[in-house]
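Notes to accompany the following structure.
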Amino acid sequence: AGLWTVFTLGGVGSKTTPQLEQCSPLANQSLLLLLVLANLTDAPDTPNPYRQAIMSFKNTQDSTAFSSSNPHAFQINFNSLYTALCEQQKSDQATLLLYMLLHQNSNVRTYVLARTDIENLV
């Protein structure tokens, strides 16, 4: 539930950054923590588990079978994630999360490119 709050940014509508911080400081701080953890460098013998989770999560609405071979794999509703990211594009943190997802998660990139309303995101 906590990670879902981070990805949906607390369900807050499109507000400026100071208002976002006042209305949902926990969601804002959680998102910042997720970004820091996901961007830590990998150790020589162990990869960053947060980055692996960001790189490999899948859509809950995907018809293919969900394989649990990756210990950090999870599923999330991409439609809800997309909607939350569209609503939060005034936030630097949300824009950075979107950038990271588009560059590191091929599932998210494919989903976003397949959307017909991509102008909402841009």
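Every number here is computed from the coordinates shown, using simple stated rules; none is lab data. As the structure is a computational prediction, the values presented were derived from the model and not from experiment. In this analysis, Cβ positions are derived from the backbone assuming ideal geometry, glycine residues included, and neighbour counts consider all displayed protein chains.
Descriptive notes on the structure:
- Residues whose amide H falls under 5 Å from that of T60, counting only those 5 or more places apart or on a different chain, are I76, N77, F78, with hydrogens built in the peptide plane.
- A Förster radius of 30 Å combined with the Cβ-Cβ distance from K90 to T46 puts the calculated FRET efficiency at roughly 0.25.
- Note on the stretch 45-122: Cα Rg divided by 2.2 N^0.38 Å, N the number of residues, gives 1.13.
- R0 of 35 Å, Cβ-Cβ distance V122-N39: FRET efficiency to nearest 0.05: 0.90
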